[in-house]
1. If I go through the stretch 342-381 residue by residue, how many of them are under 60 Å from the mean Cα position of the chain (by Cα) and of a type outside the set (Gly, Ala, Ser)?
2. I'd like to know if the stretch 97-118 contains one or more residues that are in contact with a helix residue (DSSP H, G or I) (Cβ under 6 Å, 6 or more places away or on another chain), farther than 23 Å from LEU35 by Cα and not assigned by TED's automatic domain parsing to the domain that holds LEU323.
3. Restricting attention to the stretch 49-69, does a residue exist that is closer than 17 Å to SER263 by Cβ and touching a helix residue (DSSP H, G or I) at 6+ places or on another chain (Cβ under 8 Å)?
4. In the list SER17, SER46, which residue meets the criterion of being among the polar types (S, T, N, Q) and modelled with pLDDT under 80?
5. Would you confirm, using the coordinates I've provided, whether ILE55 is at pLDDT 85 or above and surrounded by 14 or more Cβ atoms within 10 Å (Cβ to Cβ)?
6. Which residue out of GLU67, GLU12 is modelled with pLDDT under 85, among the acidic types (Asp, Glu) and outside the structural domain of GLY132 (by TED's automatic domain parsing)?
7. Among the residues of the stretch 134-157, is any of a type in the set (Val, Ile, Thr), modelled with pLDDT of 90 or more, surrounded by fewer than 18 Cβ atoms within 10 Å (Cβ to Cβ) and outside the structural domain of THR319 (by TED's automatic domain parsing)?
8. LEU195 - would you say it is modelled with pLDDT of 85 or more and under 30 Å from SER252 (Cβ atoms)?
Amino acid sequence: MVKPTTREGQHEAGGKSILAQLVGWLHLKDDHELLPLSVMRYVPVSVLLNFLGVILLITLGFGTLREAFLTNVPLNTLIITIMMIGVGMSVVTNLKLWRTGLYLFDLSQISTQFRIRDEEIDKLQRQLKSKGAILDCKNMQNLLDNVRTMGALNVTDNEARMIKSKLGARINRGRGKVTFLGGVLVMLGLLGTFLGLLGTIDVVGEVMAGMVNIGSDNVDGGGVTGFIASLSEPLHGLGLAFSSSLFGLSGSLLVGTFQYFSSGAQDHFIESFSRWLDEQIPGVAQANKVADRPAGDTPVADAELKAWIVGFIKTSQNTQRELAGVVDAILVSADASRQSMEATQNILAQQASLADTLSILNQGVVSMVEQQARIESILTTNIAKTVIDQQSVQCKGDPQDFEDDNAREEPKRR
């Protein structure tokens, strides 16, 4: 019973981790004061509901749509392909804006760092070609160069206007392409309608010419039976006309609906980006506070020159504050170096004391060796005296034996 529970817990933990990674990748819980970061701000719920509605309608009317599609496969295939391209362009444009928002957030985070590495600027320049391609222009490159050389964006009013105008022009160009595709769908539907009606008119003319045979028994004319059979051709032409109109108008309506909901997210991004870019102009935020105006407005009156000066002074104060932090770090480092030197001196003093102790110990060992040598000398002298005394005592105890011994030793000596 424990193993299934453990496996269930592992599956739940794995599911939660995957869900957490998905939420983090899509930035569903992330947000910024000015820049929208969540993908749901660019692909809103209305777009997802449109997708679900289209899938539901196709599922419910698949048989009817299939029959209408088969009336003119080439033209209807072209209409459906253009419709999918238009819908895809609307959604892909918003996803590009989402990636651009993430790029601007990274740029904002890096530009506020105290120390900016060249590797980070090089990475931002590479990402500008891909992740922020919609902002890729000379003015944006100048901002990255400012971050490299001066450590801040330092956006000028002229550069801000140029970047915003180019962004708006590129987004409007994409909208124009989608609108053009919607018009093409309508034209293709009308083209199919006219082609079907043209074929119907030709066949109806032939049928009307054959009405003279109605009521006759002429085998070649077919009579009423042939007339009824000939009516199927005009009806087939009407099917061609109505199916093409159906797919063309439906595709145009679908593309227009997606474009409408996507345009709301695009307009919101343009406004958010404009506010963020205006906040990067030195002095604008302070000038707006003094003039009691909303953020994002650029001061232009001469009377607001003082506010601009306040902004530059504020920037200088920030720089001085950063320098003060550097000085504090240097002082802390110097204090740490001083403490390290004191600790080193203490260690050297302890080593000197240890050397003195070892010298005293060495002297004691030498003294002990000398004392041991004297003791050995004294012991050797005492032992020698003891042996001599014993020999002397033996000699005094028996003189005759001593003489006999000398007499015996004398021949040997000779």
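The values are calculated or read from the model by the stated rules, or taken from the named source; none is laboratory data. Remember, it's a predicted structure, so these values are computed and weren't measured experimentally. Note that we place each Cβ from the backbone using ideal geometry, even for glycine, and neighbour counts take in every protein chain shown.
1. 9
2. No: zero hits.
3. Scanning the stretch 49-69, I find at least one residue that is closer than 17 Å to SER263 by Cβ and touching a helix residue (DSSP H, G or I) at 6+ places or on another chain (Cβ under 8 Å), so the answer is yes.
4. Working: SER46 fails: modelled with pLDDT under 80.
Result: SER17 is the single residue among SER17, SER46 that is among the polar types (S, T, N, Q) and modelled with pLDDT under 80.
5. Values: at pLDDT 85 or above: yes; surrounded by 14 or more Cβ atoms within 10 Å (Cβ to Cβ): no.
In short, no.
6. On the way: GLU67 fails: outside the structural domain of GLY132 (by TED's automatic domain parsing).
Step by step, each of GLU67, GLU12 is checked, and only GLU12 is modelled with pLDDT under 85, among the acidic types (Asp, Glu) and outside the structural domain of GLY132 (by TED's automatic domain parsing).
7. Scanning the stretch 134-157 turns up no residue that is of a type in the set (Val, Ile, Thr), modelled with pLDDT of 90 or more, surrounded by fewer than 18 Cβ atoms within 10 Å (Cβ to Cβ) and outside the structural domain of THR319 (by TED's automatic domain parsing).
8. Working: modelled with pLDDT of 85 or more: no; under 30 Å from SER252 (Cβ atoms): yes.
Judged against the criteria, LEU195 is not a match.
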